[in-house]
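The values are calculated or read from the model by the stated rules, or taken from the named source; none is laboratory data. Keep in mind that what you see is a predicted model, and the values were worked out from it rather than measured. Using ideal geometry, Cβ is built from the backbone for each residue, glycine included, and neighbour counts are taken over all protein chains shown.
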Amino acid sequence: MNLHHVRRGTGRPLLLVHGIGGSWRSWNTVIDALAAERDVVAIDLPGHGATPPLPGENSIGTFADALTAFLTQHDLLGIDAVGSSMGARLVLELARRGGVLGAVVSLDPGGFWQGWEIPFFYHSVAVSEKLVKALQPVMPALAGSAVGRTVLLPQFSARPWAVDSAQAVEEMRTFGTTPVFEELLDRLAHGEVQKPAPKGSIREPLVIGWGRQDRVCLPGQAKLALKKFPDARLYWFENCGHFPQWDQPEEATRLILAATGRHAFTDADIARREPRKAAAPTVPKAAVIGVALAVLAGGIWSLAARRHRPRGA
């Protein structure tokens, strides 16, 4: 399987696997810091970025097969790996299979929801994806402003206004244009559940990192993740939403390099909590509501205009 990818740096290879609706650029906030010490291989999964969709089913199982084929093709079996969201579940599945990956860091993995959490995940992300699609004509301006990010990203970030603007613009572009998004979302929510890995079956280091303020994969789901992967070590990111590489990029980099470098470390070594700085200016609630309404109105107007535009215009 030929997956589009970029490769940067030197040293021991390190695979980066993005989440649903992302691309290799989902790692822009940490890739240079990682490449300073590792030979980083950042991929576009099937149907994402510059990689075409699979000819048949697009799911965790088929993605795992495709990624295994890619690693075999490039003589990278046994590579250390980091995954985010859907990609975090994917690297856990490959770790469970054995013989594919080395050390693994899984950041806020999907697939450990139960009961009411399943429709919560599915419908909340589906609504976000539809909104982002509708707003594509005005997305660069929205995601490029702090107020716009505050409106667009609270489900994904604990501090959406502080997310790097270029990163937000890129992520919202791919989030709204990935052709396999709806199929994958349905299979993630309603498809095959994640199989467990019995204790002692994973010999390489395995760390699951989770944001305390994750509003996509709720923090309580970490309990089931550890039950299914008892060989894993859990690390909590404070003041962090669904993407540690967005909200805590330096901390995420330290965790990735320590875990995949097979170094002994404590949580304090990774966190390095500094005295809290003055809080960033908050956006007044009325302003957020006003902007949200304007965003929705703008998206509806844009869609209506396109639908009624004469052909060839």
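The rows are residues; the columns are (1) surrounded by fewer than 21 Cβ atoms within 10 Å (Cβ to Cβ); (2) closer than 25 Å to L255 by Cβ.
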position	(1), (2)
R159	yes, yes
V193	yes, no
R203	yes, yes
W210	no, yes
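Of the residues A126, A141, A168, which single one is without any contact (Cβ under 8 Å) to a residue 60 or more places away in the chain, more than 18 Å from the chain's Cα centre (by Cα) and in a helix (DSSP H, G or I)? So that I can check it myself, show each step before the final result.
Values: A126 fails: more than 18 Å from the chain's Cα centre (by Cα); A168 fails: more than 18 Å from the chain's Cα centre (by Cα).
Exactly one of A126, A141, A168 is without any contact (Cβ under 8 Å) to a residue 60 or more places away in the chain, more than 18 Å from the chain's Cα centre (by Cα) and in a helix (DSSP H, G or I), namely A141.
Of the residues in region 38-69, how many are at pLDDT 95 or above, farther than 21 Å from G111 by Cβ and out of contact with any Ser or Thr (no Cβ under 9 Å at 6 or more places or on another chain)?
4
Kindly evaluate E204 against the criterion of being closer than 30 Å to A264 by Cβ, part of a loop (DSSP other than H, G, I, E, B) and at pLDDT 95 or above. So that I can check it myself, show each step before the final result.
Numbers: closer than 30 Å to A264 by Cβ: yes; part of a loop (DSSP other than H, G, I, E, B): yes; at pLDDT 95 or above: yes.
So E204 passes the test.
Which of the following residues is under 18 Å from the mean Cα position of the chain (by Cα) and closer than 30 Å to G78 by Cβ: R89, R149, R96, R159?
Working: R149 fails: closer than 30 Å to G78 by Cβ; R96 fails: under 18 Å from the mean Cα position of the chain (by Cα); R159 fails: closer than 30 Å to G78 by Cβ.
Residue meeting the stated conditions: R89.
Would you mind finding the one in T266, T253, T260 that is over 14 Å from the mean Cα position of the chain (by Cα) and loosely packed, with under 13 Cβ neighbours inside 10 Å? Steps first, answer last, please.
Values: T253 fails: loosely packed, with under 13 Cβ neighbours inside 10 Å; T260 fails: loosely packed, with under 13 Cβ neighbours inside 10 Å.
When all the criteria are applied, what remains is T266.
May I ask you to say which residue of R149, R187 is surrounded by fewer than 22 Cβ atoms within 10 Å (Cβ to Cβ), of a type outside the set (F, W, Y) and assigned to a helix (DSSP H, G or I)? Give the steps one after another, and end with the answer.
On the way: R149 fails: surrounded by fewer than 22 Cβ atoms within 10 Å (Cβ to Cβ).
None of the others qualify; the one that does is R187.
Can you list the strands (runs of 3 or more DSSP E) found entirely within region 1-92 that contain at least 3 residues being touching a helix residue (DSSP H, G or I) at 6+ places or on another chain (Cβ under 7 Å) and surrounded by 21 or more Cβ atoms within 10 Å (Cβ to Cβ)?
Values: elements: 5-8, 13-17, 39-43, 79-84.
Output list reads 13-17, 39-43, 79-84.
If you go through region 90-112 one residue at a time, do you hit one that is more than 26 Å from L255 (Cα to Cα) and in contact (Cβ under 8 Å) with a residue 60 or more places away in the chain?
no
Is there a residue in region 273-286 that is modelled with pLDDT of 95 or more and either part of a helix (DSSP H, G or I) or more than 28 Å from A126 (Cβ to Cβ) (or both)? Steps first, answer last, please.
Within region 273-286, the first condition is being modelled with pLDDT of 95 or more, and the residues that meet it are none.
No, that holds for no residue.
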